[in-house]
């Protein structure tokens with residue numbers, strides 16, 4: 001025998017068949033098929049901008065039992081919607097079967113400014129000083145509905161058309177009437193220095209000497225409205241145009257008048273040239289250099305004339321010194337400059353020569369060349385001694401005395417001591433000092 005579950009399944013199957021049969025036997029019906037709901041209406045516009053006293057009253061055809069909705073709001077039985085500001089509205093009408101129709105209505109507030117021209121006029125006062133802020137504008141308005149309010153350059157509106165504390169420039173004044181109709185006008189405030197040229201002239205007193213600060217400038221001004229004030233460089237203004245205690249240089253004097261209009265001029269102060277027409281003559285006394293000595297023995301002693309003593313002296317562009325003598329100089333070409341008390345200078349060339357070889361040295365050099373150079377030269381410097389250069393003869397004079405005169409530790413030349421007369425030449429030269437110039 002079938003179980004309980006079997007009978008439950010059979011029960012639901014029978015219910016399903018009965019339900020399907022019912023749907024097939026009940027054809028669907030649309031109550032709005034062929035129904036057209038037409039919505040028309042009358043509007044009353046708001047009486048003024050911002051007012052909310054407009055209204056819409058609709059008339060509907062196409063059925064009966066209508067209710068009405070504004071802009072998707074709740075449906076109401078009245079076809080009239082009131083208390084409306086300007087704007088666009090959609091009214092939906094719905095009959096008793098739920099059939100709907102819609103219409104759109106636009107409410108427009110009247111424009112109180114149509115045909116209205118607000119004219120702004122007035123007077124202005126320029127600033128009284130350059131850069132000053134005491135200019136003003138006094139504006140009035142006509143052509144609209146009073147009262148008027150006024151705005152300067154887009155700022156807040158105010159009841160008065162008077163604007164103060166203004167600098168030079170172009171300003172726009174806007175007037176607004178009771179209906180918010182507006183008009184505007186431009187006012188130009190001019191700088192009082194426009195077209196004004198302040199001319200500065202004056203005299204100078206140059207400093208009395210180089211480095212002196214006793215120069216002065218006395219300036220005056222014209223072309224503006226007195227009184228004038230003056231300043232030098234970027235200093236403070238003063239009521240008089242004289243400036244003292246000035247050294248040589250270029251100065252700018254600026255003058256300003258009572259309206260602060262300015263002009264300037266440049267003045268140059270020049271110190272006198274103490275060297276104009278002055279020629280410093282330099283002469284020298286020269287001592288030649290002794291070759292083969294260290295330090296060198298050349299010297300130059302200078303003297304100067306033509307300027308104002310005392311003089312200082314410089315060698316080859318070096319530092320100036322009070323002494324006119326330059327010592328320990330090698331042979332060569334030099335330039336001596338002299339400078340006087342006023343800084344005036346002159347110069348002269350000087351040549352330090354090498355002193356000539358002395359007669360005693362010349363005799364010794366000859367016998368060395370004849371008897372010793374064959375063993376003491378650049379290519380065969382026996383004992384490390386090259387006696388070809390003159391200064392080597394001077395530097396090795398003691399060695400020459402010991403070897404060539406005393407034969408110590410062995411004679412030079414190796415063949416035997418020189419004749420007595422030759423040895424005497426060496427002895428005489430060394431006794432005289434053994435110098436190149438002996």
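Values for this structure:
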{"item": "Odd one out for residue 200 among (1) free of Cβ contacts under 8 Å to residues at least 40 places away in the same chain; (2) in a strand (DSSP E or B); (3) under 33 Å from the mean Cα position of the chain (by Cα)", "result": "(1)"}
{"item": "Tally, over region 399-417, of residues that are surrounded by fewer than 17 Cβ atoms within 10 Å (Cβ to Cβ), in contact (Cβ under 8 Å) with a residue 12 or more places away in the chain and closer than 25 Å to residue 293 by Cβ", "result": "1"}
{"item": "Output for region 86-98, where each listed residue is under 16 Å from residue 40 (Cα atoms) and part of a strand (DSSP E or B)", "result": "88, 89, 90, 91, 92, 93, 94"}
{"item": "Which listed residue is over 16 Å from residue 69 (Cα atoms), over 43 Å from the mean Cα position of the chain (by Cα) and crowded, with 17+ Cβ neighbours inside 10 Å, from 144, 135", "result": "144"}
{"item": "Among the residues listed as 172, 250, 188, the single one being surrounded by fewer than 17 Cβ atoms within 10 Å (Cβ to Cβ) and farther than 30 Å from residue 116 by Cβ", "result": "250"}
{"item": "Answer from 101, 131, 83 - the residue that is part of a loop (DSSP other than H, G, I, E, B) and not assigned by TED's automatic domain parsing to the domain that holds residue 258", "result": "131"}
{"item": "Single residue of 164, 174, 188 found to be at pLDDT 95 or above, farther than 28 Å from residue 226 by Cα and assigned to a strand (DSSP E or B)", "result": "174"}
{"item": "Hey, residue 300 assigned to a strand (DSSP E or B), in contact (Cβ under 8 Å) with a residue 60 or more places away in the chain, under 30 Å from residue 433 (Cα atoms) and outside the structural domain of residue 393 (by TED's automatic domain parsing) or not", "result": "no"}
{"item": "Residue 342 being in the same structural domain as residue 297 (by TED's automatic domain parsing) and either surrounded by 14 or more Cβ atoms within 10 Å (Cβ to Cβ) or part of a loop (DSSP other than H, G, I, E, B) (or both)", "result": "yes"}
{"item": "Residue that is nearest to residue 292 (Cα to Cα) [pool: residues in region 370-397 that are in a helix (DSSP H, G or I) and in contact (Cβ under 8 Å) with a residue 12 or more places away in the chain]", "result": "391"}
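Yes or no, residue by residue, for (1) closer than 30 Å to residue 339 by Cα; (2) outside the structural domain of residue 167 (by TED's automatic domain parsing); (3) over 31 Å from the mean Cα position of the chain (by Cα); (4) crowded, with 19+ Cβ neighbours inside 10 Å:
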residue	(1), (2), (3), (4)
179	no, no, yes, no
212	yes, yes, yes, no
219	no, yes, yes, yes
236	no, yes, no, no
241	no, yes, yes, yes
244	no, yes, yes, no
261	no, yes, no, yes
285	yes, yes, yes, no
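The values are calculated or read from the model by the stated rules, or taken from the named source; none is laboratory data. The model shown is predicted, which means the values in this text are computed figures rather than measured ones. All Cβ positions, even for glycine, are placed from backbone atoms using ideal geometry, and neighbour counts span all protein chains on display.
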